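Notes for the one structure printed next.
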Amino acid sequence: MLTSIKTNEFAGSESKKLAMMYFRVAIILFGAQLLMGLIAAIQFLAPNFLFEVFDFNVARMVHINALVVWMLYAMIGSVYYLLPDETGVETVGIGLGKLAFWVLTAAVTVVVLVFIFIQVGPGKESTIWLINEGREYIEAPRWADIGIVVVVLIFYWNVFATFMKGRKTGILTVLVADLLALAGLYLAGMFFTDNISMDQYWWWWVIHLWVEATWEVFVGALAAYGLVKIINAKREIVEMWLWIEVLMLFGSGILGLGHHYFWIGTPEYWWEIGALFSALEPVPLVAMFVHVLYDWGKEQGMAKAEGKPGNVVKNGPAMAWIVTNAFGNFLGAGIWGFFHTLPQVNIYTHGTQFTAAHGHLAFFGAYATILVGMMYLGVQGAYGVERMKSTFKSKMAIVLITFGVVGMTIALTIAGYEQVLVERAELGAGWDAFFVAQNLPWYVQAQIWRTIMGVITFIGFVYLVWDLLTIGKEAKAAQAA
Amino acid sequence: MANENENLSVWTSISFWRRSAAWVTGFAVILLIWLTFDTMGQISMGTDADLQKAVAEGKEINRVPAPTVINYHIDYKMSKTRGHEVPVIGAKEPFFGKEWSPKEAAALLHLGKLTVQAKNCMNCHTLLGNGAYYAPDLTKAWLDPAWQKGGPMQAMTNTGTTEEAMAKFLQNPSQYPTHARMMPNLGITAQEAKGVVAFLKHMSSIDTNGFPRNFSKTVEQFKTGGTNAH
Amino acid sequence: MFGLIQPFTDVNHSFFGFLNQGPLTLTIFLHTVIVLPMIWIYFSEKKKLKK
């Protein structure tokens, strides 16, 4: 991946080179996310660790912001990567795109450094503008918000202009519409109000309508592209599935927003709306899972029937990550989300480790997996190899990371049960109740397991980076031989 | 369902799914916007006049009351008609030793909300259940027995009211540890601390449809080995 | 009837609150108005395909 900076396999596609630039920053931020997560996990067990030096709120803020930003980087990278393939023309305005990349990267660096070294500010508007907006997931200060909007506008313009110029595939039609919504929603998180209910109402427009609507559709489009690219899936079938997914994802996800409006001061009618619409959110995720495996089996079967030897998969690790995505999305977003989406359950689980368990498996299963898959596709393209097989390192990476994240999820789910039953159900959610539950032996044990599983995830990440840096070169050498 | 002639089946027609997707998405968005307008009306902050009327008539008018709610005693009680606990705004009580005019109360709440964001409270605590899970939920923190008269926090901070105990704690949290996991010193000034307490008191008066349930009713029972299952 | 149809108890009256007075009445109503027009889309597509 690193040597691909110098490679000229992308000669003629500056768009793909730009995609690789985005992927590189994404993987660095992924590492930062894991390190911050480890610090925060240790603080659960040893609260004196870095106390009043690098407190939990800082570690946790960087943990979740690095997550969101690396995913956005990898998403932008993925779009720049697939754009020339889908449109059949080179991306328009690539110079501007590169400028936007450097502006965004500089801004992200400054924001992270300010988060780490300045951390918090006085209770004034200037803090909101310059240091920290203090709203989970979208803490970036207002100046950076405006910068992000400008950069995203440039990106969107490039995508839109290229779309208009080239071939208009179904995958791209979905992407272009989805990206507009995704970018526009960010604006809902860019204002200040004294009214905390109003604050949370609009905050969820950004968070929910991103991760449970527009990001999911984005993933559907990426999976469609990936299947065409990796196993030569038939475009008509892939695109038909994509429209079905859009129908079901938006149909359930948009009003599924209601499941965040049970307890924030909003009217009782949201109980019903949130409950049933969000309960249907797993349905499209099942569809995506079936679709990926079905297509894979079908293409392999057809190849066999035609007497073609070997595997239809042209990129082993990318396919492995896409299959993990199909399964992880259903399990993490679908099942773990459904666990606590009904108000009768959620009144007790809302704001406990249950949510953390769901968050870990859903972000990993639904997004991290497919974006890593796109990085492998990028490496394959960068080295211009026909076939890229999984290496030992690829396998170690996917096995350890998946095992680690699933382990963390199970540990946090157990911690969540403990917390829900004792703090919420038995003791009624007060200050003392919180700490009684936090000190339960089985809760503490679960937090220990979470930390161990976090370390395993990190080891898997080291293998992943190592593999991304070397697999292309090895595949090329194998092809030459 | 599928027709024998494959070309005639609507179920495998891209155009059918595309049109359906466009309809469902578009209509869901319209519904969401309509619902948002309706909800906006219901969660806008009430006025001081609404609040006085609500107290006089003993019924809830605004889900999110005016900032002057800090001048009143707030409780959280089971409502038989609603089927869950609701905030109950009672008689007037001084807040930091005085009654706050609508203008003063609004300014104090503004400072409080700004401070809550500037100090990044949400990445340890939860507000209305949203945030991080490292520290207690603050939705009804104002009503927590730990901070009331007779609770440990007033004794520890050597204060006589909930607001003073909270304000003193917030300025020097690691001086008043309650558990191994402590709140760090975030440089909160005396004025900012007052603002944060006003924010907390105001938040406790918001109608959260009964979240959290059975708030802090049974801590003492649990500690003495008691149970609710009589 | 079986305590399923309940009087309106929420703080403020509204159109959606009015629909929300029984078991899942509001959400079933919304799902129905979203899904029903798809039947029309289905038959209009079928007509197009037959041509």
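The values are calculated or read from the model by the stated rules, or taken from the named source; none is laboratory data. Predicted model, so just to flag it, every value in this text is computed and none were measured. In this analysis, Cβ positions are derived from the backbone assuming ideal geometry, glycine residues included, and neighbour counts consider all displayed protein chains.
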Can you name every residue in the range B:104-148 that is of a type in the set (S, T, N, Q) and closer than 12 Å to A:M61 by Cα? B:N120, B:N123
For residues that are over 21 Å from the mean Cα position of the chain (by Cα), in a helix (DSSP H, G or I) and free of Cβ contacts under 8 Å to residues at least 24 places away in the same chain, scanning just the range A:103-145, find the one that is nearest to A:L83 (Cα to Cα). A:A106
Per-region count, the range A:333-367, residues in contact with a Gly (Cβ under 6 Å, 6 or more places away or on another chain) and either assigned to a loop (DSSP other than H, G, I, E, B) or on the phi > 0 side of the Ramachandran plot (or both): 3
Can you give me the number of residues within the range A:132-150 that are surrounded by fewer than 20 Cβ atoms within 10 Å (Cβ to Cβ) and of a type in the set (V, I, T)? 3
One residue is enough: does the range B:45-53 have a residue meeting the conditions at the interface with chain A (Cβ under 10 Å from one of its Cβ atoms), at pLDDT 95 or above and closer than 30 Å to B:S205 by Cα? yes
Take the conditions within 28 Å of A:W203 (Cβ to Cβ), more than 11 Å from every other protein chain (Cβ to nearest Cβ) and surrounded by fewer than 18 Cβ atoms within 10 Å (Cβ to Cβ) and apply them to A:F117. Does it pass? yes
Which of the residues belonging to the range B:122-143 are in contact (Cβ under 8 Å) with a residue 12 or more places away in the chain, within 7 Å of chain A (Cβ to nearest Cβ) and more than 13 Å from the chain's Cα centre (by Cα)? B:C124, B:Y134
Within the range A:49-63, which residues are more than 8 Å from chain B (Cβ to nearest Cβ) and either surrounded by fewer than 22 Cβ atoms within 10 Å (Cβ to Cβ) or under 25 Å from A:W442 (Cβ atoms) (or both)? A:F49, A:L50, A:V53, A:F54, A:A59, A:H63
When residues of the range A:136-155 are limited to those that are within 14 Å of another protein chain (Cβ to nearest Cβ) and in contact with a helix residue (DSSP H, G or I) (Cβ under 6 Å, 6 or more places away or on another chain), the one farthest from A:Q33 (Cα to Cα): A:R142
Restricting to the range B:147-161, give me the number of residues that are within 12 Å of another protein chain (Cβ to nearest Cβ), without any contact (Cβ under 8 Å) to a residue 24 or more places away in the chain and in a helix (DSSP H, G or I). 1
Among the residues of the range B:91-110, how many are within 13 Å of chain A (Cβ to nearest Cβ) and in contact (Cβ under 8 Å) with a residue 60 or more places away in the chain? 4
Answer residue from the range A:146-170, given it is in contact with a Gly (Cβ under 9 Å, 6 or more places away or on another chain) and in a helix (DSSP H, G or I) and is nearest to A:T214 (Cα to Cα) among those: A:F155
Considering the range A:424-481 alone, what residues qualify as being among the acidic types (D, E) and within 14 Å of chain B (Cβ to nearest Cβ)? A:E426, A:D432
Quick one: count up the residues across the range B:172-203 that are in contact with a Pro (Cβ under 9 Å, 6 or more places away or on another chain), crowded, with 21+ Cβ neighbours inside 10 Å and more than 7 Å from every other protein chain (Cβ to nearest Cβ). 4
Unmet criterion (only one of (1) more than 9 Å from chain B (Cβ to nearest Cβ); (2) touching a Phe, Trp or Tyr at 6+ places or on another chain (Cβ under 6 Å)) for A:T214: (2)
Checking the structure you have, find out if any residue of the range A:234-257 is part of a loop (DSSP other than H, G, I, E, B) and either surrounded by 24 or more Cβ atoms within 10 Å (Cβ to Cβ) or β-branched (V, I, T) (or both). no
So is B:A167 at pLDDT below 95 and not in a loop (DSSP other than H, G, I, E, B) or not? no
Screening B:T36, B:T81, B:T47 for residues that are among the β-branched types (V, I, T) and farther than 24 Å from C:N20 by Cβ leaves only B:T47
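Does A:V62 satisfy being within 29 Å of A:S15 (Cα to Cα) and not in a loop (DSSP other than H, G, I, E, B)? Write out each step before concluding.
Numbers: within 29 Å of A:S15 (Cα to Cα): no; not in a loop (DSSP other than H, G, I, E, B): yes.
Considered against the rule, which asks whether it is within 29 Å of A:S15 (Cα to Cα) and not in a loop (DSSP other than H, G, I, E, B), A:V62 comes out as no.
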Is the range B:181-202 home to any residue that is modelled with pLDDT of 90 or more, under 30 Å from C:D10 (Cβ atoms) and in a loop (DSSP other than H, G, I, E, B)? no
For the range B:59-72, indicate whether the set of residues that are outside any helix (DSSP H, G or I), among the charged types (D, E, K, R) and away from chain A (no Cβ under 13 Å) is non-empty. yes
Boolean, A:R424 is of a type outside the set (V, I, T), modelled with pLDDT under 95 and surrounded by 24 or more Cβ atoms within 10 Å (Cβ to Cβ): yes
Between residues in the range B:64-76 that are assigned by TED's automatic domain parsing to the domain that holds B:P102 and aromatic (F, W, Y) and residues that are assigned to a helix (DSSP H, G or I) and surrounded by fewer than 24 Cβ atoms within 10 Å (Cβ to Cβ), which pairs lie under 8 Å by C-beta distance while being six or more apart or on different chains? B:Y72/B:L51; B:Y72/B:V55; B:Y76/B:L143; B:Y76/B:S204
Which residues, counting only those in the range B:41-55, are under 20 Å from the mean Cα position of the chain (by Cα) and exposed (fewer than 14 other Cβ atoms within 10 Å of the Cβ)? B:G41
Using the structure shown, decide if A:F250 is closer than 12 Å to A:T341 by Cβ and either facing chain B (nearest Cβ under 7 Å) or polar (S, T, N, Q) (or both). no
Does A:T413 meet the test of being part of a helix (DSSP H, G or I), within 30 Å of A:E216 (Cα to Cα), within 14 Å of chain B (Cβ to nearest Cβ) and modelled with pLDDT of 95 or more? yes
Quick one: in the range A:168-221, of everything that is among the aromatic types (F, W, Y) and within 15 Å of the chain's Cα centre (by Cα), which residue is farthest from B:D207 (Cα to Cα)? A:F218
Take the conditions over 23 Å from A:Y294 (Cα atoms) and assigned to a helix (DSSP H, G or I) and apply them to A:A188. Does it pass? yes
